[in-house]
Amino acid sequence: MVFKPIKGRVWKFGDDVNTDVIIPGKYKFKTLNMKELAEHAMEGLDPNFSKKAKPGDVIVAGKNFGCGSSREHAPRVLKELGIGAVVAESFARIFFRNAINVGLPVLESKEASKETREGDILEIDLEAGVIKNREAERSYNFRPLPSVLLDILQSGGLVEYLKKKGTYVL
Amino acid sequence: MGKTITEKILSRASGKNVEQGELVVAEVDLAMAHDGTAPLAIKMFREMGGELLWNAKKVILVIDHVAPSATEGTSSLHKLMRQFSAEQKIENFYDVGVGVCHQLMVEKHVEPGMVVVGADSHTCTYGALGAFSTGIGSTEVAAVFKTGKLWFKVPETLKINLDGEMPPHVTPKDVILYLIGQIGADGATYKAVEFSGEAVKHMSVDGRLTLCNMVVEMGAKNGLVEPDETTEKYILEKRRNFSKALKNDPDAEFVETREYDVSKIEPQIACPPTVDNVKPVKEVEGLDIHQVFLGSCTDGRVEDLKEAAEILAGKRISPHVRMIVVPASVNVYLEALEAGFIKTFLEAGCTLCNPGCGPCVGAHQGIPAPGEVVLSTSNRNFVGRMGCAEADIYLVSPKTAAVSALTGKITDPQGWRG
């Protein structure tokens, strides 16, 4: 299994970032065009986020990231902006599953969530379970995802995974 | 070691003796999606090479979130659902105006012991009938449409014992808001939450649905009430199968058991901007309100409408308040009509909308203005939830909503003398 290395600048958010602020319901009922929807990504917390975020950037947040509605549009708009990964102290379960299914890496690290500052550069190794913050000279270990989820991520999402395997292989 | 109901259902559906924490692939009994999630699911179903549904009888599609459509874009997504339903011969396709997906699922489809998934976070509601039901995303529901299977992590179960008698003016909504305030927005993440105790035993199915509906607001995977005579009566009235065998084993393992005495709970209110920001209503009494919403998958059922109608009977709401009432389904609407509640609402000055999600998701039927305060019987008060990021949303019971609509201010029904 080979993953592209993840390395990017950090955007920091707090606890309980819900899917209504990641992508408000009023937009998502009108279109399936993720490019259009991505212009409103994180609008509820930072209306300029979609203009500021660059491909490869990493979101670092607190507890319960992605709570609320099951809308898969939430991880999709972040993926559309090119976000490389979301690091949080913890995730709400539906967002967590959705992120893996659309090929957006999500990983839990309480320490990295607490110590990382906005603008830091993080390097993430998904298979080894290591986050490095070179400037801060800090390194954090996290428990790598179960193999089926790494497989889905590595395929680029659930659609490609199922095309390849036909069904879930645990 | 004995098994919990959730473990028994997942054991049956995966064909193995499951353990807590294990990843299993289970057969799904019913899969649901609505107009907020089905269009993306249909697109993904096709992208993954889907041609025919694994079982068209087990798929339920509902147009309820923006129904009737408010924009051309939404209309096109609705059209996609209609075309897909016709092409796939989906008998259980509910078009505009039939009701909220979760209400239709419990009225028409769910049976105790089933594994049910839905592309909506409040799919956890059906645990009130003793099913294992949980929310997933569009691509996952597309995968279920194609294969009939899904992977699950077998959850630990948090047991919540509710004893004591509910005080007058305290409803199941107040109880679940109180519990969310105690447990926190992520306090039950990944867990099954099972409600038991005397207070649950005496609660109607409508009330149990309100409890299970909101377990996702504490992060839970599924809610659950052990099926009993009340469940049996509800299911049999609707001519579906009832399995009496579904009980927790006496030595089933619960990760934690919490005890609460409901007789000590007062009317509760979830203040913006999170559902776990819960206080007794009396602490925020007196705040001017502009819009009241009575309805949703949380509190749009007959019992909820009854509680509000009894308060509003023969009175007029404040001239400074708009009160929007949305029965959760056509069946609920007809029953409320028969009982005279609809007449009461209209005479009190309320606005009645067709069955559906109403203004809960902020796409139509009552988007507030900046600076306005909304009192809602729904389940989320996040920034922008109802379509305006500068409006404040407070979550309450149908009783608190009705009393406050009369006074034009947040009002505790316990202290109110109409």
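Out of everything in region B:7-21 that is more than 16 Å from residue B:149 (Cβ to Cβ), assigned to a loop (DSSP other than H, G, I, E, B) and touching a residue at least 40 places away in the same chain (Cβ under 8 Å), what residue ends up being nearest to the other protein chains (Cβ to nearest Cβ)?
Step one: of region B:7-21, the residues more than 16 Å from residue B:149 (Cβ to Cβ) are B:7-8, B:17, B:19-21.
Retained after the next criterion (residues that are assigned to a loop (DSSP other than H, G, I, E, B)): B:17, B:19-21.
Those left that are additionally touching a residue at least 40 places away in the same chain (Cβ under 8 Å): B:19-21.
On the way: B:19: 14, B:20: 15, B:21: 11 Å.
The qualifying residue nearest to the other protein chains (Cβ to nearest Cβ) is B:21.
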Practice task
For residues that are closer than 30 Å to residue B:363 by Cα and small (Gly, Ala, Ser), scanning just region B:39-63, find the one that is farthest from the other protein chains (Cβ to nearest Cβ).
Solution key: B:56
Completion exercise
Considering residues that are within 14 Å of chain A (Cβ to nearest Cβ) and of a type in the set (D, E, K, R), the number found within region B:134-181 is 5
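Let me confirm something: among A:150, A:104, which residue is under 28 Å from residue B:121 (Cβ atoms), more than 9 Å from chain B (Cβ to nearest Cβ) and outside any helix (DSSP H, G or I)? Give the derivation first.
Values: A:150 fails: outside any helix (DSSP H, G or I).
When all the criteria are applied, what remains is A:104.
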Problem - Residue in region A:121-130 that is within 14 Å of another protein chain (Cβ to nearest Cβ) and β-branched (Val, Ile, Thr) present - result: no
Fill in the blank from the handout: Sole miss for residue B:25 among (1) more than 24 Å from the chain's Cα centre (by Cα); (2) within 14 Å of chain A (Cβ to nearest Cβ); (3) assigned to a helix (DSSP H, G or I); (4) of a type outside the set (Phe, Trp, Tyr) is condition (3)
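Could you tell me whether residue B:282 is exposed (fewer than 15 other Cβ atoms within 10 Å of the Cβ) and more than 17 Å from the chain's Cα centre (by Cα)?
On the way: exposed (fewer than 15 other Cβ atoms within 10 Å of the Cβ): no; more than 17 Å from the chain's Cα centre (by Cα): yes.
Here the answer is no, as residue B:282 does not meet what is asked.
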Practice task
Report, ordered by the first and then the second residue, all pairs with beta carbons closer than 8 Å, sequence separation of six or more or different chains, a first member in region B:200-211 that is acidic (Asp, Glu), and a second member that is buried (at least 21 other Cβ atoms within 10 Å of the Cβ) and outside any helix (DSSP H, G or I).
Solution key: B:206/B:301
Problem - Test set (1) away from chain A (no Cβ under 14 Å); (2) under 16 Å from residue B:141 (Cβ atoms); (3) surrounded by 24 or more Cβ atoms within 10 Å (Cβ to Cβ) - residue B:4 fails condition number - result: (2)
Fill in the blank from the handout: Given the conditions (1) farther than 24 Å from residue B:359 by Cα; (2) surrounded by fewer than 24 Cβ atoms within 10 Å (Cβ to Cβ), every one holds for residue A:88 apart from (2)
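Just give me the residues in region A:9-20 being at pLDDT 95 or above and of a type outside the set (S, T, N, Q), in sequence order. Outline the logic, then answer.
Quick first cut of region A:9-20, residues at pLDDT 95 or above only: A:9-19.
Of everything in region A:9-20, those that are at pLDDT 95 or above and of a type outside the set (S, T, N, Q) turn out to be A:9, A:10, A:11, A:12, A:13, A:14, A:15, A:16, A:17.
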Completion exercise
Counting only residues that are of a type in the set (A, V, I, L, M) and under 15 Å from residue B:9 (Cβ atoms), region B:230-246 contains a total of 2
Practice task
Could you pull out the residue among B:355, B:359, B:327, B:398 that is within 14 Å of another protein chain (Cβ to nearest Cβ), at negative phi and open to solvent by less than 30 Å² (accessible area, probe 1.4 Å)?
Solution key: B:359
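Report yes if residue A:127 is under 18 Å from the mean Cα position of the chain (by Cα), within 22 Å of residue A:54 (Cα to Cα), open to solvent by 10 Å² or more (accessible area, probe 1.4 Å) and not β-branched (Val, Ile, Thr), otherwise no.
Numbers: under 18 Å from the mean Cα position of the chain (by Cα): yes; within 22 Å of residue A:54 (Cα to Cα): no; open to solvent by 10 Å² or more (accessible area, probe 1.4 Å): yes; not β-branched (Val, Ile, Thr): yes.
When the stated conditions are applied, residue A:127 does not pass them.
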Completion exercise
Within region B:78-111, restricting to residues that are surrounded by fewer than 24 Cβ atoms within 10 Å (Cβ to Cβ) and within 14 Å of another protein chain (Cβ to nearest Cβ), the one that is nearest to residue A:28 (Cα to Cα) is B:78
Completion exercise
All conditions in (1) surrounded by 24 or more Cβ atoms within 10 Å (Cβ to Cβ); (2) within 14 Å of chain A (Cβ to nearest Cβ); (3) among the small types (Gly, Ala, Ser) are true of residue B:128 except (2)
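Of everything in region B:42-74 that's part of a loop (DSSP other than H, G, I, E, B), touching a Ser or Thr at 6+ places or on another chain (Cβ under 7 Å) and open to solvent by less than 50 Å² (accessible area, probe 1.4 Å), which residue is nearest to residue A:161 (Cα to Cα)? Before the answer, list the steps.
The initial filter retains those residues of region B:42-74 that are part of a loop (DSSP other than H, G, I, E, B), namely B:48-55, B:63-71.
Applying the additional criterion that residues be touching a Ser or Thr at 6+ places or on another chain (Cβ under 7 Å) yields B:54, B:66, B:69.
Restricting the remaining residues to those that are open to solvent by less than 50 Å² (accessible area, probe 1.4 Å) gives B:66, B:69.
Numbers: B:66: 32, B:69: 35 Å.
Applying the filter and picking the extreme gives B:66.
Return a yes/no flag: does region B:234-254 have any residue that is within 14 Å of chain A (Cβ to nearest Cβ), modelled with pLDDT of 95 or more, touching a Gly at 6+ places or on another chain (Cβ under 6 Å) and surrounded by fewer than 24 Cβ atoms within 10 Å (Cβ to Cβ). Give the derivation first.
At the first step, the residues of region B:234-254 found to be within 14 Å of chain A (Cβ to nearest Cβ) are none.
The answer is no; no qualifying residue exists.
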Problem - Selection count, region B:38-84, where residues are touching a Cys at 6+ places or on another chain (Cβ under 6 Å) and acidic (Asp, Glu) - result: 1
Practice task
Kindly provide the set of residues from region B:293-321 that are surrounded by fewer than 24 Cβ atoms within 10 Å (Cβ to Cβ) and part of a loop (DSSP other than H, G, I, E, B), ordered by number.
Solution key: B:313, B:314, B:315, B:316, B:317, B:318, B:319, B:320, B:321
Practice task
Could you check how many residues of region A:156-170 are part of a helix (DSSP H, G or I) and either of a type in the set (S, T, N, Q) or within 7 Å of chain B (Cβ to nearest Cβ) (or both)?
Solution key: 4
Exercise for the section: Quick one: which residue in B:135, B:197 is more than 17 Å from residue B:124 (Cα to Cα) and among the small types (Gly, Ala, Ser)? Expected result: B:197
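Would you pick out the residues in region A:44-59 that are out of contact with any Phe, Trp or Tyr (no Cβ under 7 Å at 6 or more places or on another chain) and crowded, with 21+ Cβ neighbours inside 10 Å?
Initially, region A:44-59 is screened for residues out of contact with any Phe, Trp or Tyr (no Cβ under 7 Å at 6 or more places or on another chain), giving A:44, A:46-52, A:54-56, A:58.
Within region A:44-59, A:44, A:49, A:58 meet the criteria.
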Problem - Verdict on residue A:77 being within 18 Å of residue A:18 (Cα to Cα) and either surrounded by fewer than 22 Cβ atoms within 10 Å (Cβ to Cβ) or in contact with a His (Cβ under 8 Å, 6 or more places away or on another chain) (or both) - result: yes
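The values are calculated or read from the model by the stated rules, or taken from the named source; none is laboratory data. Since the model is a prediction, treat every value here as computed from it, not as a measurement. FYI the Cβ positions are ideal-geometry reconstructions off the backbone, even for glycines, and counts take in every protein chain you see. Please note that ligands, DNA and RNA were not included when accessible areas were found on the heavy atoms of the full protein model with its side chains. Shrake-Rupley method; radii C 1.70, N 1.55, O 1.52, S 1.80 Å.
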